[in-house]
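Read the structure below first, then the notes.
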């Protein structure tokens, strides 16, 4: 994978080296897919969202303002796409929530898998906007400021909604008897 | 300490955003109250569980699908230097009140304002000849919620969705040598559009003032701006099509994220 900075890769692509875009795909397809999956809870939707996000990133690269982190800008597109995709599905019940079937690794017990499934279901029961907040904070590790930029929300609101979302998750998980 | 204060304090500590004073205050509170200690421990456990959730692996082949969808032609990228007609007009008239007035007067003859339709009632929508107003560069605290563009089939077009608290605006810039129509179709039901403004080669005819589908003939460098109340739409989603008769030349989708509907 390229060690060039995101900004340098963006400059290469804008200068006409379309192949340099591959580095951005390699660098970020996994995190974009993860964010999309956590929000849509559907593998096919997450794939579609990821593909659309990179296409939009490519097509709008000249509109990218380098005073922001490329990563944050791309996430802004990704979260919007995932929320829109999820909105199209509407009224999807928790019974539709997907988990990813993977071979059982050494460090993976059935209890852990069950817990992750319950967490995913609890997240999916959150309001879509709050779900995005939890994903950005806990699965992607963004700061309050970055989340504010990505979601176009004031930091004060980011905090209050995140706190409330966690409170709701706590209640959901206690109800599911997984809080320990 | 109120419940709200405690709740915020506990969450700051969980996120590692606390000050030394916060940490001391929290220790004091949870040392004095078993219920608050339990609450803090449960919230901490939730955060730990979330942080421990493993990332999922993208399916094999996704990378190739992504790369296959990326056009090899760099011209598919939006041109940042492309300035919208509205911006050009705005910049041209700023500080030039004479030009601004002249512009308003000229455009006033070309511009339709559906707001009047909303006031007069839909039965008058068939006659837009008296509904002209003045068009000014958009002002107020609007922010860009979405933007997109197409450049294909001899048509170059861009669309942007602007939002503020209770209103939305959709602006479309089109540049084409041939006569096409811009069709603005909201996905959600719209009861009233309160503003329609046109520039360049865009035209308005009364017969095309349909709440479900606004149609504007365009040729050359043209601009269409429509506005409405967000409450009418809930989450604002709209499809902007460029059509030639029954043939769709290009489509652009604009959508506000659910978050901004708060």
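The values are calculated or read from the model by the stated rules, or taken from the named source; none is laboratory data. A quick note: this is a predicted structure, and the numbers were derived from the prediction, not measured. We place every Cβ from the backbone using ideal geometry, glycine too, and count neighbours over all the protein chains shown.
Of the residues in the range A:35-61, how many are free of Cβ contacts under 8 Å to residues at least 40 places away in the same chain and either farther than 23 Å from residue B:64 by Cβ or not in a helix (DSSP H, G or I) (or both)?
1
From the list A:55, A:63, which one is facing chain B (nearest Cβ under 10 Å) and at pLDDT below 90?
Numbers: A:55 fails: at pLDDT below 90.
The unique qualifying residue is A:63.
Would you point out which residue out of A:122, A:132 is within 8 Å of another protein chain (Cβ to nearest Cβ) and at pLDDT 85 or above?
None of the others qualify; the one that does is A:132.
If we scan the range B:207-217, do we find a residue that is modelled with pLDDT under 75 and touching a helix residue (DSSP H, G or I) at 6+ places or on another chain (Cβ under 9 Å)?
Yes; the residues of the range B:207-217 include at least one that is modelled with pLDDT under 75 and touching a helix residue (DSSP H, G or I) at 6+ places or on another chain (Cβ under 9 Å).
Which one is surrounded by the most Cβ atoms within 10 Å (Cβ to Cβ) among residues in the range B:61-73 that are at pLDDT below 90 and out of contact with any helix residue (DSSP H, G or I) (no Cβ under 6 Å at 6 or more places or on another chain)?
Just the residues of the range B:61-73 that are at pLDDT below 90, to begin with: B:69-73.
Subset that is out of contact with any helix residue (DSSP H, G or I) (no Cβ under 6 Å at 6 or more places or on another chain): B:71, B:73.
Working: B:71: 12, B:73: 9.
Taking the candidates together, the pick is B:71.
Determine which single condition residue A:95 fails, assuming it passes every other condition in (1) at pLDDT below 85; (2) within 17 Å of the chain's Cα centre (by Cα).
Here residue A:95 meets the rest and fails (2).
Could you list, in sequence order, the residues of the range A:13-26 that are buried (at least 18 other Cβ atoms within 10 Å of the Cβ) and over 27 Å from residue B:253 (Cα atoms)?
A:20, A:23
Condition first: in contact with a helix residue (DSSP H, G or I) (Cβ under 6 Å, 6 or more places away or on another chain) and either exposed (fewer than 14 other Cβ atoms within 10 Å of the Cβ) or within 11 Å of chain A (Cβ to nearest Cβ) (or both). Now tell me which residues in the range B:13-39 satisfy that.
Residue satisfying the conditions is B:14 alone.
Find all pairs meeting these conditions: Cβ atoms under 7 angstrom apart; at least six residues apart or on different chains; first residue within the range A:155-177 and at the interface with chain B (Cβ under 9 Å from one of its Cβ atoms) and in contact (Cβ under 8 Å) with a residue 40 or more places away in the chain; second residue surrounded by fewer than 21 Cβ atoms within 10 Å (Cβ to Cβ) and part of a helix (DSSP H, G or I).
If the second residue must be surrounded by fewer than 21 Cβ atoms within 10 Å (Cβ to Cβ) and part of a helix (DSSP H, G or I), the pairs left are A:173/A:118.
Mind checking which residues of the range A:28-52 are crowded, with 21+ Cβ neighbours inside 10 Å and either within 9 Å of chain B (Cβ to nearest Cβ) or out of contact with any helix residue (DSSP H, G or I) (no Cβ under 7 Å at 6 or more places or on another chain) (or both)?
A:32, A:33, A:34, A:37, A:38, A:46, A:50, A:51
Can you tell me which residue is farthest from residue B:255 (Cα to Cα) among those in the range A:62-74 that are touching a helix residue (DSSP H, G or I) at 6+ places or on another chain (Cβ under 6 Å) and part of a helix (DSSP H, G or I)?
Taking the candidates together, the pick is A:70.
Please specify each residue of the range A:65-80 satisfying the condition of being surrounded by fewer than 19 Cβ atoms within 10 Å (Cβ to Cβ) and more than 26 Å from residue A:120 (Cα to Cα).
Listed by number, the residues that qualify are A:65, A:66, A:67, A:68, A:69.
Look through A:162, A:151 and report the one residue that is within 20 Å of residue B:40 (Cβ to Cβ) and touching a helix residue (DSSP H, G or I) at 6+ places or on another chain (Cβ under 6 Å).
Selected residue: A:162, the only one of A:162, A:151 that is within 20 Å of residue B:40 (Cβ to Cβ) and touching a helix residue (DSSP H, G or I) at 6+ places or on another chain (Cβ under 6 Å).
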